[in-house]
1. For the range B:301-342, which residues satisfy the criterion of being at pLDDT below 95, assigned to a helix (DSSP H, G or I) and under 10 Å from the mean Cα position of the chain (by Cα)?
2. Can you report the number of residues in the range A:200-233 which are among the charged types (D, E, K, R), within 17 Å of B:F249 (Cβ to Cβ) and under 25 Å from the mean Cα position of the chain (by Cα)?
3. Residues in the range A:91-102: is at least one under 22 Å from the mean Cα position of the chain (by Cα) and within 26 Å of A:P157 (Cα to Cα)?
4. Which residue pairs have Cβ atoms under 6 Å apart, sit 6 or more places apart or on different chains, and have a first residue in the range B:53-66 that is in a loop (DSSP other than H, G, I, E, B) and a second that is not charged (D, E, K, R)?
5. List, please: which pairs have Cβ atoms under 6 Å, are six or more places apart or on different chains, and start with a residue in the range A:246-262 that is touching a residue at least 40 places away in the same chain (Cβ under 8 Å) and among the aliphatic types (A, V, I, L, M) and end with one that is surrounded by fewer than 24 Cβ atoms within 10 Å (Cβ to Cβ) and not in a helix (DSSP H, G or I)?
6. Confirm whether A:R175 is surrounded by fewer than 18 Cβ atoms within 10 Å (Cβ to Cβ) and not in a loop (DSSP other than H, G, I, E, B).
7. Out of the residues in the range A:234-252 meeting the condition of being at pLDDT 95 or above and in a helix (DSSP H, G or I), tell me which one is farthest from the other protein chains (Cβ to nearest Cβ).
Protein chains: 2
Amino acid sequence: MTASGARPYVSPHDVTAAWSGAGGDRVVRVVVDAAGGDNAPAEVVRGALAAAGPQTHVVLVGDEAVVRPLVPVGAHVSIVHAPDVIGSHDAPASAARNKTESSIVVGLKLVHRGEADAFVSAGNTGAVVAASLLYVRRIPGVQRPAICSIMPCMPAPIALLDIGANAECRPEHLRQFAVMGQAFAIEVMGIPAPTVGLLSIGEEPEKGTPAVIEAHQLIAADERVRFYGNVEGRDIMNRLVDVVVTDGFTGNVTLKTIEGAARGILTALRSTIDLSVKTKVGGLLLRRDLLRLRGALDPEEYGGAFLVGMNAPVIIAHGSSKARGIANAVHQGRRGVVSGLQGTIARELGTRAGAV
Amino acid sequence: MTASGARPYVSPHDVTAAWSGAGGDRVVRVVVDAAGGDNAPAEVVRGALAAAGPQTHVVLVGDEAVVRPLVPVGAHVSIVHAPDVIGSHDAPASAARNKTESSIVVGLKLVHRGEADAFVSAGNTGAVVAASLLYVRRIPGVQRPAICSIMPCMPAPIALLDIGANAECRPEHLRQFAVMGQAFAIEVMGIPAPTVGLLSIGEEPEKGTPAVIEAHQLIAADERVRFYGNVEGRDIMNRLVDVVVTDGFTGNVTLKTIEGAARGILTALRSTIDLSVKTKVGGLLLRRDLLRLRGALDPEEYGGAFLVGMNAPVIIAHGSSKARGIANAVHQGRRGVVSGLQGTIARELGTRAGAV
């Protein structure tokens with residue numbers, strides 16, 4: 001095993017519990033898109049209420065007539081009216097520009113004006129990215145933001161970026177993703193000295209597409225990155241490194257492949273176990289353990305993916321998020337605000353730091 | 001479920017049993033690279049002997065002094081001496097050109113001269129592809145060969161190509177992979193009316209890289225392809241289609257990701273089950289079922305990947321192949337010879353058929 005593979009077991013609960021308490025008494029204001037996702041508004045509001053507290057103020061953005069009745073008096077939640085919705089089939093760039101009364105645009109403008117610190121949405125991913133570029137803006141020096149997913153691996157999670165903000169990437173984009181992913185692993189995931197791998201089709205530096213081969217050289221030459229070198233598809237679940245860097249096309253395919261494989265295998269196993277375990281005691285024990293394992297592989301455990309490279313935390317929750325996923329996304333947003341993530345990225349990639 | 005998802009269960013054993021008997025009494029000569037792979041020569045020779053018979057003649061190519069003592073008198077096996085070996089760290093293109101006494105080059109030249117019908121190697125994949133291009137040659141009209149893997153899904157296997165012959169692909173290459181993958185599914189896997197999906201990051205035709213978006217248009221316009229449209233990573237193990245088309249970079253990452261995920265999940269589950277099943281009967285039943293499930297997910301079940309688009313079957317076995325994998329690769333080679341695969345591809349892509 002590698003050094004990182006020898007990490008002790010870190011459960012998703014350990015991570016999200018640390019997030020919810022991050023920053024102590026500091027009050028953080030997290031916008032939640034009440035209209036975004038398959039289970040909006042009911043599950044989204046439930047999740048927001050579960051995460052809100054004296055130190056985590058949640059701003060629900062959506063149709064006030066719909067949202068207000070769902071919020072009990074005395075909750076640490078305020079409501080900002082946004083009558084319009086960007087749907088999953090709206091074209092991202094034009095919706096972000098033109099649907100100015102949508103929950104996504106209204107919510108991100110609150111962050112832009114300093115009236116909130118972070119943004120959470122389970123809505124149209126492309127629209128969240130496009131509107132974030134317009135209203136929250138990139139950290140100076142960042143060429144492209146990347147969507148960074150926390151993958152529920154054993155014994156501890158890893159970060160995978162980009163999982164879909166940029167279908168095509170130039171080598172310099174991949175170098176920046178390495179810098180930002182390392183900063184994310186330290187500041188948000190709490191890994192002290194994370195290692196970074198570049199996803200390719202062989203461990204040798206000359207394996208891969210021309211862009212990946214050139215990115216390898218750029219990352220290897222960047223002495224701030226703890227670069228392991230190339231990693232392969234099988235190394236993700238083996239947890240060979242803490243951070244895996246790739247373009248948004250490959251990352252998206254990889255993430256969804258793992259989700260599909262895990263679901264398929266666990267489903268097949270459950271039917272196997274249902275068939276074969278005749279003894280009641282053994283069956284019950286196994287069912288409990290299987291559920292626990294499925295929990296450890298469930299992407300909702302971390303609530304969503306982090307759009308790194310922006311001036312404030314933007315958390316993209318799964319479209320299918322339920323209350324628990326939304327609550328964890330709010331916790332991740334809080335951690336993103338109180339951490340030094342944005343400052344670290346600005347320092348490492350900012351024009352004053354000498355980046356291109 | 002989709003039409004293809006409703007297929008009855010097809011075990012790897014069903015497939016390989018059909019391969020070994022394909023073509024009835026017709027004698028097929030399959031070259032096996034006795035020097036290729038981590039377990040050469042002992043396991044390779046054992047696998048070749050297991051697959052050889054009156055209708056399947058195996059030609060072992062390697063150092064005769066090493067191979068001869070491993071072959072009993074009377075086996076349906078002949079030996080051709082090749083003193084040199086292309087190792088896993090040799091540069092593929094120059095080794096294919098210069099190591100003319102290597103088992104890979106000597107073996108492929110036997111196919112080129114008509115002294116054998118198919119070639120199997122667990123050696124250096126890049127060198128097998130490069131030497132195949134030199135000595136077996138592409139079918140006229142084929143721009144790029146692709147490595148087509150049979151993925152062990154439930155309830156039936158699917159084909160994924162390209163898994164690594166071409167790190168970068170143009171849209172027309174992907175269209176040709178769709179045609180060749182469909183022909184492979186019919187002729188080698190025995191699927192009567194296979195559906196074909198293009199791997200992307202969303203089901204809409206406009207999702208993906210520019211090359212994938214253009215490929216979608218080309219494949220959709222090719223009326224010989226039963227095109228489902230775009231598929232996503234999670235659809236592979238869901239078995240939404242019979243054939244998944246992608247570039248060699250994405251395909252290689254995807255294949256290895258699934259292998260790693262399956263191994264990781266099954267390992268985690270086995271420890272869970274070892275811990276929790278106190279009752280001996282339940283534990284034994286489960287262990288047996290778990291082994292069967294692992295078998296159904298084991299890529300060695302099909303022996304190797306098929307380099308489609310060449311004038312003769314070239315089977316690229318896993319580097320870690322044991323005897324069973326090599327035997328199945330020989331069976332796949334036999335099926336490739338007696339099937340109409342090469343003829344179908346020549347007809348569909350050949351210059352006389354009007355392709356570019």
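The values are calculated or read from the model by the stated rules, or taken from the named source; none is laboratory data. All figures in this text were calculated on a predicted structure; none of them were measured in a lab. Backbone-built Cβ (ideal geometry, glycine too); neighbour counts: all protein chains shown.
1. Across the range B:301-342, the qualifying residue is only B:Y302.
2. Here is the first cut: in the range A:200-233, the residues among the charged types (D, E, K, R) are A:203-204, A:206-207, A:214, A:222-224, A:226, A:232.
Cutting the leftovers down to within 17 Å of B:F249 (Cβ to Cβ) gives us A:203-204, A:206-207, A:214, A:232.
In the following step, the residues that additionally are under 25 Å from the mean Cα position of the chain (by Cα) were identified as A:232.
Residues in the range A:200-233 being among the charged types (D, E, K, R), within 17 Å of B:F249 (Cβ to Cβ) and under 25 Å from the mean Cα position of the chain (by Cα): 1 in total.
3. No: zero hits.
4. Close Cβ pairs (under 6 Å, with a partner that is not charged (D, E, K, R)) amount to B:G53/B:H76; B:Q55/B:V27; B:D63/B:P83.
5. As it stands, the answer is none, since no pair meets every condition given.
6. Working: surrounded by fewer than 18 Cβ atoms within 10 Å (Cβ to Cβ): no; not in a loop (DSSP other than H, G, I, E, B): yes.
Taking the combined requirement at face value, the residue does not satisfy it.
7. Initial filter on the range A:234-252 (at pLDDT 95 or above): A:241-252.
Among the residues that remain, those that are also in a helix (DSSP H, G or I) are: A:248-252.
Numbers: A:G248: 7, A:F249: 5, A:T250: 6, A:G251: 9, A:N252: 4 Å.
The extreme case among them is A:G251.
To keep it simple, each residue is scored yes or no on (1) farther than 20 Å from A:I316 by Cα; (2) small (G, A, S).
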| residue | (1), (2) |
| --- | --- |
| A:V45 | no, no |
| A:A48 | no, yes |
| A:V58 | no, no |
| A:V61 | no, no |
| A:L70 | yes, no |
| A:G74 | yes, yes |
| A:P92 | no, no |
